[in-house]
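**Q** After the structure tokens below, expect a handful of questions from me.
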Amino acid sequence: MAALFNLFLDLCLLRKGPQDVPASMLLLKLCLLAYGLIGLIVLLLSTPIPVALLQALLDIVLLSGLLYVGLTLYHHPERFEQTLTALAGSGALIALLAFPLMAWLMNEERGGDIALPSLLLLALLVWSIAIMAHILRHAFAVSLWSGARYAFGYTVLSWTLTGWISPQSP
């Protein structure tokens with residue numbers, strides 16, 4: 001277990017790529033489960049349960065679907081399992097880091113200063129995009145800038161689509 005944690009930590013520190021992740025359907029399923037559950041827990045800090053479930057599911061479907069399309073377009077569909085495992089595993093680690101920051105932010109919104117937790121969440125978002133860019137550049141065999149464009153595009157699309165299913169404030 002420690003070896004897997006170190007692998008995903010190295011992915012997050014940009015020291016390893018998706019090619020270093022074992023090709024294992026069981027590992028992929030476990031990483032997707034962890035990614036979905038941790039993402040759901042983070043969402044539950046600010047979103048009702050049914051909406052949070054739908055948003056977490058949409059994120060997994062969108063990530064998987066767009067990755068498959070991208071790998072197919074770049075003629076590397078055989079990299080799907082390892083790449084999705086890398087994205088889900090590193091995404092789960094990032095979500096673990098986001099949880100205390102989101103809890104802090106939710107607590108501060110009730111009358112405190114939200115500047116520091118907001119800034120830390122922004123830094124985490126930028127780091128998350130950098131990790132995804134690093135993974136996608138290896139998977140698609142493109143430049144880091146192309147990987148960054150895809151990662152940023154995915155992030156904006158995901159936020160937009162999940163925003164459509166968020167409850168509207170009065």
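Read-outs throughout are calculated quantities, based only on the coordinates presented, and are distinct from any laboratory measurement. The model shown is predicted, which means the values in this text are computed figures rather than measured ones. Neighbour counts are summed over all protein chains in view; Cβ atoms, including those assigned to glycine, are modelled from backbone coordinates with ideal geometry.
**Q** Mind putting together the pair-distance distribution for segment 27-101? All Cα pairs, 10 Å bins, whole percent per bin, short to long.
**A** Reading upward from the zero bin: 21, 46, 26, 7, 0.
**Q** Can you put GLU108, GLU78 in order of Cβ neighbours within 10 angstrom, beginning with the fewest?
**A** Fewest-to-most Cβ neighbours within 10 Å comes out as GLU78, GLU108.
**Q** While we're looking at this one, here's another question. Applying the Karplus parametrisation 6.51 cos²θ - 1.76 cosθ + 1.60 with θ = phi - 60° to the phi angles of segment 9-17, what ³J(HN,Hα) value in whole Hz is obtained for each residue in order, glycine and proline being reported as x?
**A** Running phi through 6.51 cos²θ - 1.76 cosθ + 1.60 with θ = phi - 60° gives 5, 5, 4, 5, 8, 6, 9, 10, x Hz.
**Q** Sticking with this one: Counting pairs of alpha carbon atoms under 8 Å apart in space and at least six apart in sequence, what relative contact order in percent does the chain give?
**A** Relative contact order for the chain comes out at 30 percent.
**Q** Also: Give or take rounding to whole Å, what are the principal axis extents of the alpha carbon atoms in segment 24-164, in descending order?
**A** 52, 30, 26
**Q** Between THR160 and LEU125, what is the label-point separation in nm under the 7 Å Cα-to-beta-carbon projection?
**A** 1.5
**Q** A further question follows. Nearest 10 degrees, 0 to 90: what angle lies between the long axis of helix 49-73 and the longest principal axis of the chain (Cα atoms)?
**A** The helix 49-73 is inclined about 30 degrees to the chain.
**Q** If we count other beta carbons within 10 Å of each Cβ, what is the order of MET1, MET102, MET25, MET132, fewest first?
**A** Ordered from fewest to most neighbouring Cβ atoms within 10 Å, MET1, MET102, MET25, MET132 come out as MET1, MET25, MET102, MET132.
**Q** Take SER118, project a point 7 Å from its Cα along the Cβ direction, then tell me which residues of segment 32-52 have their backbone nitrogen under 20 Å from it.
**A** Correct set: 43, 45-47.
**Q** Using Cβ contacts closer than 10 Å as the measure, can you line up LEU30, LEU101 from fewest to most?
**A** So the residues, fewest neighbours to most, are LEU30, LEU101.
**Q** Tell me what the chain gives for mean residue ellipticity at 222 nm when only DSSP H runs of n ≥ 4 count, each as -39,500 (n - 2.57), the sum divided by the residue total, rounded to 500 deg cm²/dmol.
**A** -27000 deg cm²/dmol, from helical runs alone.
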